[in-house]
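The values are calculated or read from the model by the stated rules, or taken from the named source; none is laboratory data. In this text, all values refer to a predicted model and were calculated from it rather than measured experimentally. In this analysis, Cβ positions are derived from the backbone assuming ideal geometry, glycine residues included, and neighbour counts consider all displayed protein chains. We work out accessible area using only protein heavy atoms, side chains counted, and drop any ligands, DNA or RNA first. Shrake-Rupley method; radii C 1.70, N 1.55, O 1.52, S 1.80 Å.
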Amino acid sequence: MTWMEIIALSAAVAFIILVGFAVWTLIAAKRTLSKLGDAVDQMKHSVANTAEQSDQLIMQVGRLTNDVHTQVQTLQSCFHSIDQAGAAIGDVASALRKASSVMNQSIHGAEKVIHTHQKRLQDAIEWATTGMELWHRWQAHRNAKSDD
């Protein structure tokens, strides 16, 4: 074998090794790409599930928000009713204070009148008592006369 044949044989062996290495690299790259494709498919599936769960969560949050809004409106009307009831109670309390004041003034006025005219009232009561006694005696005397 000559040097040329050895070089040609070496080049052919090197080319075969290079082609073998290139084939092995391509096979490894194909496997990696296949795994990467599977990972992308899984990721797409996960993203789809996450999107579906997010949609459901958003719908639940929307319903919850509507429920809260409805309850807030109900509470607002209750607070308005309570406010009106408080105002009505305040009006009643004011009317009672005024009535109490008027009644108190009337009682004080009556006390003044009684105190001022106490002597006259005592005289009137005495005259009324005396008149009643005389009338009873007269009735008794009259009954006694009619029985005789």
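Positive contributions from Lys and Arg (+1) and negative ones from Asp and Glu (-1), summed over other residues with Cβ under 14 Å from the Cβ of ASP38, come out at +3. Couplings 3J(HN,Hα) of the stretch 6-22, computed from phi: 5, 5, 5, 5, 5, 5, 5, 5, 5, 5, 5, 5, 5, 5, x, 5, 5 Hz, in residue order, whole Hz [Karplus 6.51 cos²θ - 1.76 cosθ + 1.60, θ = phi - 60°; x for Gly and Pro].
Counting only the Cα atoms, the chain fills a convex hull of 273 Å³ per residue.
Projecting the Cα atoms of PHE15, MET4, TRP127 onto the dipole axis of the chain, where Lys and Arg carry +1 and Asp and Glu carry -1 at the beta carbon, places TRP127 farthest toward the positive end.
Look at the dipole of the stretch 45-116 built from charges on Cβ: of SER100, SER54, THR74, the Cα furthest out on the positive end belongs to SER100. Add -39500 (n - 2.57) for each DSSP H run of 4 or more in the chain, then divide by its residues: what number comes out at 222 nm, to the nearest 500 deg cm²/dmol? Computed mean residue ellipticity for the chain: -37000 deg cm²/dmol. Heavy-atom accessible surface of ARG63, to the nearest 10 Å², is about 130 Å², with a 1.4 Å probe and all protein chains retained.
Using the Cβ atoms and a cut-off under 15 Å, what net charge is assigned to the surroundings of ILE125, where Lys and Arg are +1 and Asp and Glu are -1?
-1
How much FRET efficiency would the formula 1/(1 + (r/R0)^6) give for PHE21 and SER54, where r is the Cβ-Cβ distance and R0 is 35 Å, rounded to 0.05? Computed FRET efficiency for PHE21 and SER54 comes out at 0.15.
Counting only heavy atoms of the protein chains and using a 1.4 Å probe, VAL102 has close to 90 Å² of accessible surface. Residues in the stretch 15-103 average 88 Å² of solvent-accessible surface per residue, probe 1.4 Å, ligands and nucleic acids excluded.
Solvent-accessible area of the chain (1.4 angstrom probe, protein heavy atoms only): carbon and sulfur portion equals 67 percent.
By the gyration tensor of its Cα atoms, with a ≥ b ≥ c the square roots of the eigenvalues, what is the shape of the stretch 72-148: rounded for a/c under 1.5, prolate for a/b over b/c, or oblate? Verdict is oblate for the stretch 72-148. With the Cα gyration tensor of the stretch 1-77 giving a ≥ b ≥ c as the square roots of its eigenvalues, does the rule (a/c under 1.5 for rounded; else a/b larger than b/c for prolate; else oblate) give rounded, prolate or oblate? The shape class here is prolate.
Counting only alpha carbon atoms, the long axis of helix 118-147 and the longest principal axis of the chain meet at about 60°.
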